1. Give all pairs with beta carbons closer than 7 Å in which a residue from region 94-116 that is hydroxyl-bearing (Ser, Thr, Tyr) meets a residue that is part of a loop (DSSP other than H, G, I, E, B) and at pLDDT below 95; count only pairs at least 6 apart in sequence or on separate chains.
2. Any residue in region 114-129 that is modelled with pLDDT of 95 or more, in contact with a strand residue (DSSP E or B) (Cβ under 7 Å, 6 or more places away or on another chain) and part of a loop (DSSP other than H, G, I, E, B)?
3. Any idea which of 214, 271 is among the hydrophobic types (A, V, I, L, M, F, W, C) and out of contact with any Leu (no Cβ under 9 Å at 6 or more places or on another chain)?
4. Which residues, taken from region 80-106, are in contact with a Ser or Thr (Cβ under 9 Å, 6 or more places away or on another chain) and of a type in the set (Val, Ile, Thr)?
5. Being surrounded by 13 or more Cβ atoms within 10 Å (Cβ to Cβ), modelled with pLDDT of 95 or more, closer than 22 Å to residue 216 by Cβ and out of contact with any Leu (no Cβ under 7 Å at 6 or more places or on another chain): is that true of residue 298 here?
Amino acid sequence: MPFSSPRHKKKIIRKVLWPILTLFICLNIIAAIHAYKFTHFSATGTRTERLNLSFASKLRLLFTGVDNPRPVNTWQPKHRYRQLIINSNVKISCWYEMTNKPCKGTVLLFHGYTSNKSALLDRAAPFLDNGYNCLLADFMGSGGSEGNQTTIGFREAEEVKDCFNYIRATDTGNIYLFGSSMGAVAIMKAMKDYQLPAKAIIIECPFGTMYQTVCARFRMLHIPSFPMAGILLFWGSVENNFWGFTHNPVEYARYIHCPTLLQYGAKDDRVTRKEIDDIYSNIPGQKQLIIYPSAGHDNYLTVAEKEWTNNTITFLSAN
């Protein structure tokens, strides 16, 4: 059999490499679109529902990305409250609700991804009823705060710190932190970066790493996460000017030395039990893990009101 000529070899290489290069470019364009929409809220439109989509809808979603309208506060506090604007990396809009009972301290509450402070009102109510003032904050891009961007807890950690320092400067009582999902991650990063002297913290369903939470989004669509999750996280890092591969709450947990209540829903489809166990094992201080068997990645108060209220208030009272 005669040897192939150099020209023939080049033709074969071109036939193989060009399709691979074209596919690589297309994957990066798609990932860049998804990463931008994942971290930037749109001014108009409706949120794309990702569950129970047809194959054609999933295919279209693959190329266009998920639309996330800017979260808007839909309820107002029923307790006495003051509207606050706290200066941070952007201006942060907050509600400061005041208990009608002798005050035991202040709980700072931080919401999850694509949410806002009005979604925290029901969880603030038991704290208020048991003698705790509450500060509810809109992260950047949400509710009444500035911007249209979210960094999934990375820069939000600075906002946790500035809210904490505001209360610390105006109130000499105990300060507690409560966060759900992204809010929990922001608290954990703030504890690492700023060593906040919180009396105790309550964190619910934080993801283990940024890469794991990106993979979870693909799992929800029943689409393989490799290699797109890594490419998407790369572009998200480029577009938002931080390295998402090191956004690692499992590592942040090592810096939490105050009493910590970690809570998780056994039916959570976005955060795995292993992620929670890894976080819990790394917390060096006093800690407690509570699992709600019927809860998913949602507001535990709605599925286990008595248990959640008893667990959180008992924890605060003990600390």
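The values are calculated or read from the model by the stated rules, or taken from the named source; none is laboratory data. All values reported here derive from a predicted model rather than from experimental measurement. Cβ placement follows ideal geometry from the backbone for every residue including glycine, while neighbour counts extend to all protein chains displayed.
1. As it stands, the answer is 106/171; 106/173; 114/68, since those pairs meet every condition given.
2. Within region 114-129, none of the residues are modelled with pLDDT of 95 or more, in contact with a strand residue (DSSP E or B) (Cβ under 7 Å, 6 or more places away or on another chain) and part of a loop (DSSP other than H, G, I, E, B).
3. 271
4. 85, 86, 90, 92
5. No, not satisfied.
Residue-by-condition table, conditions (1) over 24 Å from residue 39 (Cβ atoms); (2) small (Gly, Ala, Ser); (3) touching a Cys at 6+ places or on another chain (Cβ under 9 Å); (4) surrounded by fewer than 18 Cβ atoms within 10 Å (Cβ to Cβ):
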{"position": "214", "(1), (2), (3), (4)": "no, no, no, no"}
{"position": "227", "(1), (2), (3), (4)": "no, no, no, yes"}
{"position": "248", "(1), (2), (3), (4)": "no, no, no, no"}
{"position": "256", "(1), (2), (3), (4)": "yes, no, no, no"}
{"position": "260", "(1), (2), (3), (4)": "yes, no, no, no"}
{"position": "285", "(1), (2), (3), (4)": "yes, yes, yes, yes"}
